[in-house]
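What follows is one structure encoded as structure tokens, with my remarks underneath.
The values are calculated or read from the model by the stated rules, or taken from the named source; none is laboratory data. Predicted model, so just to flag it, every value in this text is computed and none were measured. Ideal geometry is used to build each Cβ from the backbone, glycine not excepted, and the neighbour counts take in all protein chains shown. Side chains included, ligands, DNA and RNA excluded: accessible areas come from the protein's heavy atoms. Shrake-Rupley method; radii C 1.70, N 1.55, O 1.52, S 1.80 Å.
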Amino acid sequence: MAEMKFYLAPMEGLTGFVFRNAYQKHFGDIDTYFTPFINNKKMNYKEIKDILPEHNKGMHVVPQILTNRAEDFLAIAKELGNYGYESVNLNLGCPSGTVVTKHRGAGFLAVPEELDHFLEEIFADCPLRISVKTRIGINDAGEWERILSIYEKYPMEELIIHPRVQKDFYNNTPDMDAFLYAVENSRHTLCYNGDICSVDDYKAWIQKMEGKDREHGSGSTAQHTEHMMLGRGILKNPGLVGELMGHAPITKDQFHAFHDDVLKGYLDVMSGERNTLFRMKELWFYFAKYFTEPEKYVKQIKKTQRVAEYRVIVDNLFREQEWKPE
Ligand SMILES: Cc1cc2nc3c(=O)[nH]c(=O)nc-3n(C[C@H](O)[C@H](O)[C@H](O)COP(=O)(O)O)c2cc1C
């Protein structure tokens with residue numbers, strides 16, 4: 001398999017610029033960071049803050065847009081171009097009810113003709129390169145063939161596939177057959193996304209890719225996919241990409257130092273302790289995963305309203321419990 005490039009998945013409320021900067025400082029092994037989605041006709045203050053070049057120094061960042069109106073997509077892309085961006089990503093994967101009922105995110109997959117028309121318009125006029133992040137359908141994988149055939153018409157920079165349907169949300173397992181169907185039938189550069197949270201998950205994924213190669217007696221399938229996007233796996237174990245590259249797992253102290261920089265980053269840019277704590281509490285849903293007995297501490301973290309107290313709880317957790325990534 002050719003050398004893999006790893007991307008950080010966009011995760012609303014979690015992988016904003018504060019997280020990205022701390023990650024880059026401590027680990028620096030991500031090839032491209034995708035921002036959580038921008039979904040306003042004109043970027044609001046929070047969205048601008050996240051994409052400002054001075055907040056994203058030394059990183060390759062691709063902003064993501066969530067819309068089903070070509071006019072809005074083009075207007076935001078133009079704004080992003082003015083900030084120096086050369087590439088944008090279109091969100092066709094968000095499964096959340098309020099987004100889907102408006103035929104946006106994964107909901108756009110329910111109306112393929114409109115989607116086709118939208119893509120025609122944005123590819124005709126967008127001054128930036130466009131990549132697409134997609135699910136494989138709304139209800140079942142039978143929809144995928146048609147959706148992929150639409151994507152094949154457009155010169156996208158890359159197609160990122162999270163092979164679940166909208167109805168799955170984050171349940172069930174990614175559909176490798178649907179991904180392999182794209183590997184065989186797409187002319188695009190492909191990126192795989194979904195449920196890679198350990199070296200074992202990654203090895204199993206490579207085996208499936210290489211199994212397909214043996215069937216065809218060629219080395220082409222694995223080489224076709226040189227990009228992998230990781231989300232929850234990195235939040236649970238920030239050393240994951242390093243491990244996938246063959247490095248030793250990070251230590252608890254490295255995780256602690258990384259955590260402290262995320263906290264510091266939020267305190268520097270958020271107004272008020274409560275906003276910072278809100279963000280940190282969301283992260284702990286993932287950070288706690290590989291601690292030996294995190295429950296008591298997580299309960300205290302959820303309850304606390306003060307940063308000073310939060311720090312004590314977190315320091316206790318790091319000191320008193322083991323951390324063993326899978
Ligand atoms: C809390 C949360 C927020 C997310 N926000 C976004 C988002 O803004 N844009 C997007 O394309 N996907 C979003 N996703 C989906 C992830 O980018 C990714 O596709 C998904 O988590 C599967 O990858 P993973 O198994 O590596 O986490 C989000 C997922 C979660 C759990």
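Which value in deg cm²/dmol, rounded to the nearest 500, describes the helix-derived mean residue ellipticity at 222 nm for the chain, given -39,500 (n - 2.57) per DSSP H run of n ≥ 4 and division by the residue count? Show your work: numbers first, answer last.
Values: 15 runs with 155 residues, N = 326.
When only DSSP H runs of four or more count, the value is -14000 deg cm²/dmol.
Quick one: Cα convex hull volume of the stretch 98-196, Å³ per residue? Each step should come with its number before you reach the end.
Details: hull volume 10.1 nm³, N = 99.
Spread over its residues, the Cα hull of the stretch 98-196 gives 102 Å³ apiece.
Which entries of 41/78; 252/289; 42/153; 57/264 have Cα-Cα distances beyond 19 Å here? Walk me through the numbers before you get to the answer.
Values: 41/78 11 Å; 252/289 13 Å; 42/153 28 Å; 57/264 17 Å.
Exceeds cut-off: 42/153.
With a 1.4 Å probe and all protein chains left in place, how much of the accessible area of the stretch 64-211 comes from carbon and sulfur atoms, in whole percent?
The computed percentage sits at 46.
Tell me, what is the percent relative contact order of the chain, built from C-alpha pairs under 8 Å that lie six or more residues apart? All intermediate terms of the calculation are to be shown ahead of the outcome.
Working: 524 pairs, mean separation 50.5, N = 326.
Result for the chain is 15 percent.
In the stretch 7-53, which trypsin sites (Lys or Arg not before Pro) are in a loop and have at most 11 other Cβ atoms within 10 Å, using DSSP for the loop call? If you can, show how the numbers build up before the last one.
Numbers: sites: 20, 25, 41, 42, 46, 49; in loops: 41, 42.
For trypsin sites (Lys or Arg not before Pro) across the stretch 7-53 that sit outside H, G, I, E and B with at most 11 neighbouring Cβ atoms in 10 Å, the list reads 42.
Which trypsin sites (Lys or Arg not before Pro) does the stretch 146-188 hold that lie in a coil by DSSP with at most 12 other beta carbons within 10 Å?
Working: sites: 146, 153, 164, 167, 187; in loops: 153, 164, 187.
Within the stretch 146-188, the qualifying trypsin sites (Lys or Arg not before Pro) (loop, at most 12 other Cβ atoms within 10 Å) are 153, 187.
Within the stretch 252-320, what whole-number % of the accessible surface is contributed by carbon and sulfur, with the 1.4 Å probe and all protein chains included in the calculation?
Values: 1940 of 3930 Å².
That share works out to 49 percent.
With a probe of 1.4 Å, find how much accessible area the chain has per residue, and write the answer as a whole number in Å². If you can, show how the numbers build up before the last one.
Working: 14940 Å² over 326 residues.
That works out to 46 Å² per residue.
May I ask you to evaluate 6.51 cos²θ - 1.76 cosθ + 1.60, the Karplus curve with θ = phi - 60°, for each residue of the stretch 58-72 and list the ³J(HN,Hα) values in order in whole Hz, giving x for glycine and proline?
x, 10, 8, 10, 10, x, 10, 10, 10, 6, 10, 10, 4, 4, 5
Return the carbon/sulfur percentage of the accessible area of the stretch 1-43, one whole number, probe 1.4 Å, all protein chains in place. Write out the running numbers ahead of the final one.
Numbers: 710 of 1630 Å².
That fraction is 44 percent.
Over the chain, one equal point on each Cα, no solvent: what is log10 I(q)/I(0) by the Debye formula at q = 0.10 Å⁻¹?
The Cα Debye sum returns log10 ratios of -0.60.
Distance in nm between label sites at residue 45 and residue 189, each 7 Å beyond Cα in the beta-carbon direction?
With each label placed 7 Å out from Cα toward Cβ, I get 3.7 nm.
Once each part is reduced to its C-alpha centroid, what is the distance from the stretch 133-172 to the stretch 52-72 in angstrom?
Cα centres, the stretch 133-172 to the stretch 52-72: 21 Å.
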